[in-house]
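FYI, it's all coordinate maths here, none of it is from the lab. The shown structure was predicted, so the numbers you read here are calculated from the model rather than taken from an experiment. Counting neighbours? That spans all protein chains shown, and the Cβs are built from the backbone with ideal geometry, glycine included.
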């Protein structure tokens, strides 16, 4: 492997106003005394650590995730991004995404984030139904979603994503249609449209809602949503991602195409390919207090773990099978350094079973059934 994969940077900001019952991310209730200033300094120190791993490689995208990054002030996020610009080589057109909760966006704040260098905004709407927002534990209403979106437009953000969930407690086809219709009326450039799932270590997993749609209704809701988004000019380019022309999320595409990414912040995970083609992963301490203490002691350089060949093949397929455009056969060798023969048999079997389709130019992608049963398709590549 002579040319390393593209490189991104993920920055984790771990606090939220409250913990949503469906959320399994490394997020923590902020309360009144969250040490934002101390955390910013720790994150800046961690960025310096990550810069040592990057060397002279160019960072193509940065993603400020959480938690709720919009709980941090524009000045604090500006200081974080200044450290990135000082210590890393950033692409001239580096995509810088920030997640924002509509309930934490004050008037004038988004313009200040834009001025600090954020180029792309991701608004966590989840639904436009007031009752469903309450059921999901969200701290905003539909009016605040609209206000945040309009303020983002006024702040000169042209690249705006809205997250929308489906198969929510008590939701039917008409309710989900209304949700998608309200989103389409706003006209964001990008949509993340994904099903509510009950993840371990969440409130919903411990005490599931009683009125969740069954599998058949959830599938019908999903198909309806996909049709509505398609007819409104959104192209599905990943299993849960839809974009207008020119607005695909470059950061997430790098994950799905098995690129490399640096990781800074509590619980952040990184993946790097060395000059010999070996791929390794590493992670930072998940607890924010432990993360800050280790940063202050200069002990954040987590030991990488090399991914073994069989696991590497599976991880590659786990990501690229999400893509709608199909995967070039040569990308496996390019991103893993492994013999493509390792995945030849399960690919042939998946094609024979109608889960994968080969394309005329050497690519292959999931069929409609392959997408519907994606977990089963991915599992075929387990070691």
- [ ] Determine the relative contact order of region 56-184: mean sequence separation of Cα pairs under 8 Å and six or more apart, normalised by residue count, in whole percent.
- [x] 24
- [ ] Enter the mean projected area of the convex hull around the alpha-carbon atoms of the chain, in nm², rounded to one decimal.
- [x] 18.7
- [ ] Name the most mobile residue of 38, 363, 297, meaning the one with the largest mean-square fluctuation, in a Gaussian network model of the chain with Cα contacts below 10 Å.
- [x] 297
- [ ] Round to a whole angstrom and tell me the spacing of the C-alpha centers of region 56-102 and region 224-267.
- [x] 18
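Could you tell me the calculated FRET efficiency between residue 290 and residue 330, based on Cβ-Cβ distance and R0 = 41 angstrom, to the nearest 0.05?
Values: r = 42 Å, r/R0 = 1.03.
E between residue 290 and residue 330, to the nearest 0.05, is 0.45.
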Open item on the list: What value in Å³ per residue do you get for the convex hull of the alpha-carbon atoms in region 235-340?
Closed with: 129
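Given Cα pairs under 8 Å that are at least 6 residues apart, what percent is the relative contact order of region 309-383? Write out the running numbers ahead of the final one.
On the way: 81 pairs, mean separation 29.6, N = 75.
Value for region 309-383: 39 percent.
Which shape class, rounded, prolate or oblate, goes with region 1-152 when its Cα gyration tensor gives a ≥ b ≥ c as root eigenvalues, a/c under 1.5 marks rounded, and past that a/b bigger than b/c marks prolate? Each step should come with its number before you reach the end.
Numbers: a/c = 1.89, a/b = 1.77, b/c = 1.07.
Judged from the Cα gyration tensor, region 1-152 comes out prolate (a/c at least 1.5, a/b above b/c).
If you take the Cα Rg of region 152-210 and divide it by 2.2 N^0.38 Å, with N the number of residues, what do you get?
Values: Rg = 14.6 Å, N = 59, 2.2 N^0.38 = 10.4 Å.
For region 152-210, the normalised Cα radius of gyration comes out at 1.41.
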Task: Förster-model FRET efficiency, 30 Å R0, residue 231 and residue 146, C-beta, rounded to 0.05 - done: 0.85
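Tell me, what does the Kirkwood hydrodynamic radius of region 44-134 come to in angstroms if you use every pair of distinct C-alpha atoms? Intermediate values should be presented prior to the final figure.
Details: mean 1/r = 0.0700 Å⁻¹.
Evaluated over region 44-134, this radius sits at 14.3 Å.
Pull out the extension gain between residue 19 and residue 375, defined as 0.36 nm times the separation in residues minus the alpha carbon to alpha carbon distance; nm, one decimal. Intermediate results must be reported in sequence, preceding the final value.
On the way: separation 356, 0.36 × 356 = 128.16 nm, distance 2.73 nm.
Gain on extension, residue 19 to residue 375, equals 125.4 nm.
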TODO: Compare 203, 124, 141 in a GNM of the chain, Cα atoms joined below 10 Å, and give the one with the largest fluctuation.
DONE: 203
Open item on the list: Can you give me the C-alpha center-to-center distance between region 2-36 and region 135-163, rounded to a whole angstrom?
Closed with: 19
- [ ] Write down the percent of antiparallel bridges among all DSSP beta bridges whose residues are both part of region 7-254, to the nearest 5.
- [x] 15
TODO: Work out Dmax and Rg for region 309-383 from the C-alpha atoms and quote the Rg first, both in angstrom.
DONE: 11.1, 30
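Before rounding to the nearest 500, sum -39500 (n - 2.57) across all DSSP H runs of length at least 4 in the chain and divide by the residue total; then give [θ] at 222 nm in deg cm²/dmol. If you can, show how the numbers build up before the last one.
On the way: 15 runs with 150 residues, N = 383.
Helix contribution divided over all residues of the chain: -11500 deg cm²/dmol.
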- [ ] Taking 7 Å along the Cα-to-C-beta vector as the label spot, tell me the residue 281-residue 197 distance in nanometres, rounded to one decimal.
- [x] 1.4
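Only bridges with both residues in region 52-166 count here: give the DSSP antiparallel percent, nearest 5.
Working: 0 of 16 bridges.
Roughly 0 percent of the DSSP beta bridges within region 52-166 come out antiparallel.
Using 0.36 nm per residue of separation minus the Cα-Cα distance, give me the extension gain between residue 245 and residue 310 in nm, one decimal. Kindly include the intermediate steps, with their values, before the conclusion.
Details: separation 65, 0.36 × 65 = 23.40 nm, distance 3.64 nm.
Here the answer is 19.8 nm.
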Open item on the list: Restricting to Cα atoms and excluding each atom paired with itself, what does the Kirkwood estimate give for region 194-294 in Å?
Closed with: 17.5
Task: Paramagnetic label zone (point 7 Å from Cα along Cα-to-C-beta, residue 339; backbone N under 18 Å) in region 1-40 - done: 1
